[in-house]
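Undergrad: Sharing a structure below in structure tokens format, with a few things to ask.
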Amino acid sequence: MEQRHLGRTGLRVSRIGLGTLTWGRDTDEHDAADQLKAFWEAGGTLVDTADVYGGGDAEYLLGQLVERLVPRRDLVIATKAGSVPDPDRRFDGSRGHLLAALDASLERLGTDYVDLWQVHAFDPETPLEETLQALDIAVSSGRARYAGVSNFCGWQLAKAATWQLASPGARTRLASTQMEYSLLQRGVEREVLPAALDLGVGLLPSSPLGRGVLTGKYRHATPADSRGASEQLAPFVEPYLDEAASSIVDAVATAADGLAATTLQVALAWVRDRPGVVAPIVGARNAQQLTAALSVETLSLPDEICQALDDVSAPVHRYPDQDWSTL
């Protein structure tokens, strides 16, 4: 699998990442092992997790498989901290919480360091410089090799990345930002992606298949074994089952027919090769689904197909994103 630099750093990662959101909850140890082995054998290196996935079980499960199944040196392990199970405070970006969470993650993962440590979301209750200092401490202490953020809007990302760049050598530059990005969700193109491109921050798209909708599985009905039929995940999928999304999925299917490819391959290739994107994070229920996603490595979309998909899925971005003199 092709490797790409993570932002403006020397770290290289596979251009498809393996997500572990359901590990330890819907994905058991056997299926997780099959996924990790298939991913590694395909040349994949970037494995993304978080301290809250499965209540910590995703990290623990990954830690049980590393070395026993795949050499630690062959993986780029990324995890996150900052989300908390508190209805009154969803995110805690305080230095104390983040560093304690990192230590707990390392224990569950069974490793001395993570390759990429990410702040899971912006915490408006904590000064940003305090949150970012936790990243500096993590890297300087060797517990993390690189640092990034997740779910930061445009101004938040720009402020954080600029703050870190203001003291080169003393502060750790942001390597990445993880955001939802797909043909069904192009909101990052408004401000996040321009900021990331300007500041040398690599984009790691989450839900690159539109929460599974871009596979085409929901075109005619909701499969009984799908996330859309799951009591826990149905509300996650439902926003992308409207008429507008259906039109985009139909266009992807038409493109796939013309290319003798699958809708999954076309949708994933589109986001993988967008400017600024480093590696879409793919979450699969089993190794068969993951293998289908990894098969996108051989596909590059023709320019005319990309343009057609751009047109049919284009979000409305006018003032101030468009040149005001043309409005």
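The values are calculated or read from the model by the stated rules, or taken from the named source; none is laboratory data. These numbers come from a predicted model, not from an experiment. Here the Cβ is made from the backbone with ideal geometry for all residues, glycine too, and neighbour counts use every protein chain on show. The protein model used for the area step is the full one, side chains on, heavy atoms only, and it has no ligands, DNA or RNA in it. Shrake-Rupley method; radii C 1.70, N 1.55, O 1.52, S 1.80 Å.
Undergrad: Do we have R285 as within 17 Å of G210 (Cβ to Cβ), open to solvent by 10 Å² or more (accessible area, probe 1.4 Å) and touching a strand residue (DSSP E or B) at 6+ places or on another chain (Cβ under 7 Å) here? Full working, then the answer.
TA: Values: within 17 Å of G210 (Cβ to Cβ): yes; open to solvent by 10 Å² or more (accessible area, probe 1.4 Å): yes; touching a strand residue (DSSP E or B) at 6+ places or on another chain (Cβ under 7 Å): yes.
Judged against the criteria, R285 is a match.
Undergrad: Another question about this same structure. Would you call L18 closer than 19 Å to P205 by Cα, more than 15 Å from the chain's Cα centre (by Cα) and not aromatic (F, W, Y)?
TA: Details: closer than 19 Å to P205 by Cα: yes; more than 15 Å from the chain's Cα centre (by Cα): no; not aromatic (F, W, Y): yes.
It is false that L18 is closer than 19 Å to P205 by Cα, more than 15 Å from the chain's Cα centre (by Cα) and not aromatic (F, W, Y).
Undergrad: Applying the selection to region 77-111, what residues are among the charged types (D, E, K, R), closer than 18 Å to V139 by Cβ and touching a helix residue (DSSP H, G or I) at 6+ places or on another chain (Cβ under 8 Å)? Full working, then the answer.
TA: Kept after step one, since they are among the charged types (D, E, K, R), are these residues of region 77-111: 80, 86, 88-90, 92, 95, 103, 107-108.
Subset that is closer than 18 Å to V139 by Cβ: 80, 95, 103.
Scanning region 77-111 gives a single hit, R95.
Undergrad: Oh, and also: Answer yes if at least one residue in region 307-320 is outside any loop (DSSP other than H, G, I, E, B), more than 30 Å from G154 (Cα to Cα) and open to solvent by 20 Å² or more (accessible area, probe 1.4 Å), and no otherwise.
TA: Of region 307-320, the ones outside any loop (DSSP other than H, G, I, E, B) are 307-313.
When the remaining residues are screened for being more than 30 Å from G154 (Cα to Cα), the result is none.
There is no residue in region 307-320 that is outside any loop (DSSP other than H, G, I, E, B), more than 30 Å from G154 (Cα to Cα) and open to solvent by 20 Å² or more (accessible area, probe 1.4 Å).
Undergrad: Give the residues of region 219-243 that are open to solvent by 30 Å² or more (accessible area, probe 1.4 Å), of a type outside the set (S, T, N, Q) and in a loop (DSSP other than H, G, I, E, B), sorted by residue number.
TA: Once the filter is applied, which keeps residues that are open to solvent by 30 Å² or more (accessible area, probe 1.4 Å), of a type outside the set (S, T, N, Q) and in a loop (DSSP other than H, G, I, E, B), region 219-243 yields R219, H220, A221, P223, A224, D225, E231, L241, D242.
Undergrad: Based on what the data block shows, is A267 within 27 Å of Y319 (Cβ to Cβ), of a type in the set (A, V, I, L, M), assigned to a helix (DSSP H, G or I) and open to solvent by less than 20 Å² (accessible area, probe 1.4 Å)? Don't jump to the end; show me each part of the working.
TA: Working: within 27 Å of Y319 (Cβ to Cβ): no; of a type in the set (A, V, I, L, M): yes; assigned to a helix (DSSP H, G or I): yes; open to solvent by less than 20 Å² (accessible area, probe 1.4 Å): yes.
No, not satisfied.
Undergrad: If you go through region 90-110, how many residues are over 22 Å from the mean Cα position of the chain (by Cα) and more than 23 Å from A160 (Cβ to Cβ)?
TA: Count: 2.
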